[in-house]
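Enquirer: Right, I'll just put the structure down here and ask away after.
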Amino acid sequence: MAGRLFKVSALATAVCASSGFYLYNRKLNLDDLSVIRFGRAAATTAIISFDYLTAFKHVEYGTEEYWAVRSKVHLRSAERLRDLCCANRGTFIKVGQHLGALDYLLPEEYTSTLKVLHSRAPQSSMQEIQQVIREDLGKELSELFVAFEEKPHGAASLAQVHKAVLHDGRTVAIKVQHPKVQSQSVKDIVMMEVLVKGVHWLCPDFAFMWLVDEAKKNMPLELDFLREGQNAEKVANMLAHFPFLKVPKIHWELSTKRILTMEFAEGGQVNDREYMKKHGINVNEISENLGKIYSEMIFICGFVHCDPHPGNVLVRNCPQSKKTEITLLDHGLYQVLEPDFRLDYCRLWQALIKGDMSGVERYSRRLGAGELYGLFACVLTARSWTAVNAGISSVPVTHSEDVEIRTNAALYLPQISELLNRVPRQMLLLLKTNDLLRGIETTLQTRASSSSFINMSRCCIRAMARHKRSKARSRRTRMQVTLAECVQLCTLSVYELLLWVKGCRLAAWLTALLTCLQ
């Protein structure tokens, strides 16, 4: 018996020693092991779930104490989730950033806490970056570039960007994927799916499968940098009629699935008011032009850039034209809208702008909201039900209304979760995009501007007219549709002119003069 124990002990010692020697030679980071990552995620999920299940046992619902406890639980849970994302990195940070962008869908404790993940993205070492370039391009850095900045110009959850100079003197940005992201992403998504299903089993009100479904669908697309380059070229051609939009050109000879080399873009982030003030950039013009870009993508093209967080939108005064320019970066995540969905979305926004409540209900139901159409209208516009009833273009946004919307996001979290599980998958990225754009408008203090609604209305009119012309069977009908479109667009332009006259100083001066004369 003693001999057997000795043999088993010796064998176990040999296995442990050889495993340790193997891991040491491979220089394997324990944080990269799936069992460690899953254990960390499972422990965090269990702690958060236990906290929610037990925190309200001795607190009466609806009291001040209840709301105070609820806020503290939200904050504790958000901080635990943030720490998990920072520890597991990669896909976890990407999903955390997605949640942090949903300002008007999730409680403020979550969004404000998870927003920091944009600045907590991991960085790969220079050795790892060189290895990826060597493997994918088959050459050393010195053979490809005259200069290469070792410090990343920017780091994200999936990749980091370095500034470099080609042998012909052109300055480029090289986006290099973190080496371990590709292998970990599939396992991470499976892990999230298991944990989210477990949480839903414990707390049926919290149904976040929409988040897993989005990650499962979008992560492989975002990890293919060749596809990102194709998206960049497609949107550049599609919106070439906007002189104020710039999309960096792709250097295909230096690009692979894990490396994207593009023209280097100068400028300040779109939320940097100090940069704009210093360079004489008009924030209202920037906000209006950004609205034109996205209205065109959503309502006319049906091909939407879905990650307009401030780091991906740069502004500057073009040295050649001396005009303001918007540069759109990071084209990995796009949503293609089906024609029927896009048209119903157009009709819904037209109804929301006009305050046509029967239209709001009809098209919200057609987009999958069902009896939650009222909540859907508020979620989509980030406006109160009172403002939606009056027509969102006629009621200005106020601070108190913003606070009310954010408070309701916490109150109606189960219903919002149900709504997000109901609506078509196309809607989810649009909601994220809407929230990111609203965040930019809030920072620029242009959210109350009517120009965004006018631009949206103009694009909706054009989209509907184009659809009607495609269905028309006679030349006469097509001409009638075109004439009606021209009349509607002219009416909108006159309305825009009247608003401008009403708001300009000359109008105020003339009004004061007439009052004095009377």
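The values are calculated or read from the model by the stated rules, or taken from the named source; none is laboratory data. Note that the structure is predicted; figures quoted are calculated from it, not measured. Cβ sites come from the backbone with ideal geometry, for glycine too, and all protein chains shown count toward neighbours. Heads up: the accessible areas ignore ligands, DNA and RNA and are worked out on the full protein's heavy atoms, side chains in. Shrake-Rupley method; radii C 1.70, N 1.55, O 1.52, S 1.80 Å.
Enquirer: Being open to solvent by 30 Å² or more (accessible area, probe 1.4 Å) and at pLDDT below 80 narrows it down to one of LEU75, LEU53, LEU102, LEU30, so name that one. First the steps, then the outcome.
Expert: Numbers: LEU75 fails: at pLDDT below 80; LEU53 fails: at pLDDT below 80; LEU102 fails: open to solvent by 30 Å² or more (accessible area, probe 1.4 Å).
Selected residue: LEU30, the only one of LEU75, LEU53, LEU102, LEU30 that is open to solvent by 30 Å² or more (accessible area, probe 1.4 Å) and at pLDDT below 80.
Enquirer: In addition: Taking only region 405-417 into account, find how many residues are out of contact with any Phe, Trp or Tyr (no Cβ under 8 Å at 6 or more places or on another chain) and crowded, with 16+ Cβ neighbours inside 10 Å.
Expert: Let us first name the residues in region 405-417 that are out of contact with any Phe, Trp or Tyr (no Cβ under 8 Å at 6 or more places or on another chain), namely 407-408, 410-412, 415-416.
Restricting the remaining residues to those that are crowded, with 16+ Cβ neighbours inside 10 Å gives 408, 410, 412, 416.
Count: 4.
Enquirer: Go through (1) open to solvent by less than 50 Å² (accessible area, probe 1.4 Å); (2) in contact with a helix residue (DSSP H, G or I) (Cβ under 8 Å, 6 or more places away or on another chain); (3) modelled with pLDDT of 95 or more and name the single condition TRP252 misses.
Expert: Only one criterion is unmet by TRP252, namely (1).
Enquirer: Additional query: For region 462-483, name all the residues that are without any contact (Cβ under 8 Å) to a residue 60 or more places away in the chain, closer than 21 Å to GLN350 by Cα and open to solvent by 20 Å² or more (accessible area, probe 1.4 Å). Please lay out each step first, then the result.
Expert: From region 462-483, those without any contact (Cβ under 8 Å) to a residue 60 or more places away in the chain are 465, 468-483; that's our starting set.
In the following step, the residues that additionally are closer than 21 Å to GLN350 by Cα were identified as 465, 468-471, 480-483.
Residues satisfying the conditions are LYS468, ARG469, SER470, LYS471, GLN480, VAL481, THR482, LEU483.
Enquirer: Of all residues in region 125-179 being of a type in the set (Lys, Arg) and open to solvent by 50 Å² or more (accessible area, probe 1.4 Å), which is farthest from HIS251 (Cα to Cα)? Spell out the reasoning first.
Expert: Initially, region 125-179 is screened for residues of a type in the set (Lys, Arg), giving 134, 139, 151, 163, 170, 175.
Right, trim to open to solvent by 50 Å² or more (accessible area, probe 1.4 Å) and you get 134, 139, 151, 163, 170.
Numbers: ARG134: 17, LYS139: 16, LYS151: 21, LYS163: 14, ARG170: 11 Å.
Per the criteria, the residue is LYS151.
Enquirer: Let me ask you something else. Please enumerate the residues belonging to region 228-242 that are free of Cβ contacts under 8 Å to residues at least 24 places away in the same chain, open to solvent by 50 Å² or more (accessible area, probe 1.4 Å) and assigned to a helix (DSSP H, G or I).
Expert: Pass one, region 228-242, residues free of Cβ contacts under 8 Å to residues at least 24 places away in the same chain: 230, 233, 236-237, 240-241.
Now restrict to residues that are open to solvent by 50 Å² or more (accessible area, probe 1.4 Å): 230, 233, 237, 240-241.
If the condition is that a residue be free of Cβ contacts under 8 Å to residues at least 24 places away in the same chain, open to solvent by 50 Å² or more (accessible area, probe 1.4 Å) and assigned to a helix (DSSP H, G or I), then GLN230, GLU233, ASN237 are the ones that fit.
Enquirer: Among the residues that make up region 473-486, is at least one of them under 27 Å from the mean Cα position of the chain (by Cα), under 30 Å from PRO339 (Cβ atoms) and among the β-branched types (Val, Ile, Thr)? So that I can check it myself, show each step before the final result.
Expert: The first filter runs over region 473-486 and keeps only residues under 27 Å from the mean Cα position of the chain (by Cα), leaving none.
Within region 473-486 (the criterion being under 27 Å from the mean Cα position of the chain (by Cα), under 30 Å from PRO339 (Cβ atoms) and among the β-branched types (Val, Ile, Thr)), the answer is no, since none of the residues qualifies.
Enquirer: Write out, first by first residue and then by second, each pair whose Cβ atoms fall under 8 Å of each other, whose residues are 6+ apart or on separate chains, and whose first residue, in region 337-356, is under 14 Å from ILE461 (Cβ atoms) and without any contact (Cβ under 8 Å) to a residue 60 or more places away in the chain while the second is surrounded by fewer than 21 Cβ atoms within 10 Å (Cβ to Cβ) and among the aliphatic types (A, V, I, L, M).
Expert: What qualifies is ALA351/MET357.
Enquirer: Looking only at region 281-311, how many residues end up being farther than 19 Å from MET427 by Cα and within 18 Å of the chain's Cα centre (by Cα)? Please lay out each step first, then the result.
Expert: So the first thing to find is which residues in region 281-311 are farther than 19 Å from MET427 by Cα, and the list is 281-290, 292, 310-311.
From what's left, within 18 Å of the chain's Cα centre (by Cα): 287, 290, 292, 310-311.
Counting residues in region 281-311 that are farther than 19 Å from MET427 by Cα and within 18 Å of the chain's Cα centre (by Cα) gives 5.
Enquirer: Just to be sure, is THR443 assigned to a helix (DSSP H, G or I), open to solvent by 20 Å² or more (accessible area, probe 1.4 Å) and without any contact (Cβ under 8 Å) to a residue 60 or more places away in the chain?
Expert: Values: assigned to a helix (DSSP H, G or I): yes; open to solvent by 20 Å² or more (accessible area, probe 1.4 Å): yes; without any contact (Cβ under 8 Å) to a residue 60 or more places away in the chain: no.
Here the answer is no, as THR443 does not meet what is asked.
Enquirer: Could you pull out the residue among SER400, SER417 that is more than 23 Å from the chain's Cα centre (by Cα) and among the hydroxyl-bearing types (Ser, Thr, Tyr)?
Expert: On the way: SER417 fails: more than 23 Å from the chain's Cα centre (by Cα).
It is SER400.
Enquirer: Among the helices (runs of 4 or more DSSP H) contained in region 59-150, which hold 3 or more residues that are farther than 24 Å from GLY39 by Cβ?
Expert: Working: elements: 64-88, 91-100, 108-114, 126-137, 141-144.
Result: 64-88, 108-114, 126-137, 141-144.
Enquirer: On to the next question. Being surrounded by 14 or more Cβ atoms within 10 Å (Cβ to Cβ) and hydrophobic (A, V, I, L, M, F, W, C): is that true of ALA265 here? If you could, list the steps in order and put the result at the bottom.
Expert: On the way: surrounded by 14 or more Cβ atoms within 10 Å (Cβ to Cβ): yes; hydrophobic (A, V, I, L, M, F, W, C): yes.
Taking the combined requirement at face value, the residue satisfies it.
Enquirer: I'm trying to understand the selection: among the residues of region 202-219, which are open to solvent by 80 Å² or more (accessible area, probe 1.4 Å) and within 17 Å of VAL190 (Cβ to Cβ)? Reasoning before the result, please.
Expert: Here is the first cut: in region 202-219, the ones open to solvent by 80 Å² or more (accessible area, probe 1.4 Å) are 202, 204-205, 216-217.
Within region 202-219, LYS216, LYS217 meet the criteria.
Enquirer: Then there is this: Being part of a helix (DSSP H, G or I), of a type in the set (Val, Ile, Thr), over 19 Å from ILE440 (Cα atoms) and open to solvent by less than 30 Å² (accessible area, probe 1.4 Å) narrows it down to one residue among ILE293, ILE286, ILE300; which is it?
Expert: ILE300
Enquirer: For VAL172, work out the one condition from (1) assigned to a strand (DSSP E or B); (2) within 27 Å of GLN335 (Cβ to Cβ); (3) touching a residue at least 40 places away in the same chain (Cβ under 8 Å) it doesn't fulfil.
Expert: With respect to (1) assigned to a strand (DSSP E or B); (2) within 27 Å of GLN335 (Cβ to Cβ); (3) touching a residue at least 40 places away in the same chain (Cβ under 8 Å), VAL172 is out only on (2).
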